[in-house]
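Read the structure below first, then the notes.
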Amino acid sequence: MLKNMEKNERYCFLAFGELALDVIYDENAILKEVGGVSAFNALYNLSVFGEETYAVGGVGTDLNAVKAIISLKNNAVNTDYINFVNKPTNVFYIFKPQKNLEGEEVKIGRKSPITGKSTIEWSDKIATEFPREFENRNIILIVSNFENVTKEFIKNTKSKASNSVVSLDITNEHIFSKYSREELWDYLKQVDLLQCNENTFKSVAKKLGISSPEELFSKLNLDIFTLTKGSKGANFYYRAGDKIKVISKAPEKVAPIVDSTGAGDAFHSMLLMCYHRHLLTGENIGPEYFDNTFKIANALSRKVVQFETARGEPYDLLKYMLNEIGAKEEKSEERDFE
């Protein structure tokens, strides 16, 4: 649980990891190429909405690395802290048509459609030193995998920036399959904010030996655990005194899905933007907080699924969100867990 956080001082957002390239196909034609991986998608969205953002970590040493970096840099994400690693840039191949958000798997390939060989190999050579420029600053760190270099960077962040928040979005079960139960518990206990979708949570629960989201939350030091349920909304778990509470939110509007890639990243990014507001203002985390947070997060994710990529164009996103903020949403349903 976060304690003694400084109020009224803005936080900057860092995303750490290995930057990859998402290549979006329509049949055999390339529609778009953007710098990918969940944490960096969230960072992009936060930058669009005016937050101070920095990409930290590594990328390969080929043309794909340049494409990935430029796609972030051109949209106001600072990439000065991305270092080159002597290897090919990881590439994800995203094929249309995409499936819906009801648990069906999207067509994301890890093998080249030309060579048939894997294009994903995470490096353990990424520098994990915390940049000196951020020492003693207020930091919200975004991560999306369980690599040992990520764990080391989290440790260094908490050591060098005492007012730091770590937010993890568990995107799929494959990212932790090679780690033991003990290693995962040790990792998760360093996290302050956690997001996971329903299907992935089933794998998480099995791996950790737990039976429910409430049990996971009770064993960790989280401020908020968000369990996303696709078009059905989300459950938010938090503490009020000595009780664990859950708030369930469901959207009034569901958008037609063109491409579901990046919907969770969009949702996560808006949760972080609202949490930043909480840190600045001391706003109470409770029903009203989640009413507003869900409204904003759901609106952006609803827009992103209408694009043929994990991210939309800044102008379109901003214009859409300005129109959506005033829309009416239903109130929260809150329940207690002893």
| note | Given (1) touching a Lys or Arg at 6+ places or on another chain (Cβ under 9 Å); (2) at pLDDT 90 or above, Asn64 misses just (1)
| remark: The residue that is surrounded by the most Cβ atoms within 10 Å (Cβ to Cβ), considering only those in region 186-242 that are under 17 Å from the mean Cα position of the chain (by Cα), among the hydrophobic types (A, V, I, L, M, F, W, C) and part of a loop (DSSP other than H, G, I, E, B), is Leu222
| Failed condition for Glu214, given (1) closer than 14 Å to Asn145 by Cα; (2) touching a strand residue (DSSP E or B) at 6+ places or on another chain (Cβ under 6 Å), with all others met? | (1)
| field | Options Tyr275, Tyr315; residue that is part of a helix (DSSP H, G or I) and either surrounded by 14 or more Cβ atoms within 10 Å (Cβ to Cβ) or at pLDDT 65 or above (or both) | value | Tyr275
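Quick check, is Asn148 surrounded by fewer than 17 Cβ atoms within 10 Å (Cβ to Cβ) and at pLDDT below 95?
Values: surrounded by fewer than 17 Cβ atoms within 10 Å (Cβ to Cβ): yes; at pLDDT below 95: yes.
Here the answer is yes, as Asn148 does meet what is asked.
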| said: Looking only at residues that are over 21 Å from the mean Cα position of the chain (by Cα) and of a type in the set (D, E, K, R) in region 81-123, which one is modelled with the highest pLDDT? | reply: Lys87
| remark: Of the residues in region 130-158, those that are acidic (Asp, Glu) and farther than 22 Å from Glu182 by Cβ number 2
| Members of region 118-136 found to be out of contact with any Asp or Glu (no Cβ under 8 Å at 6 or more places or on another chain) and either surrounded by fewer than 18 Cβ atoms within 10 Å (Cβ to Cβ) or at positive phi (or both), listed by number | Ser118, Ile120, Glu121, Lys125, Ala127, Glu129, Pro131, Arg132, Glu133, Glu135, Asn136
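The values are calculated or read from the model by the stated rules, or taken from the named source; none is laboratory data. Everything quoted here is computed from the prediction, not taken from an experiment. Backbone-built Cβ (ideal geometry, glycine too); neighbour counts: all protein chains shown.
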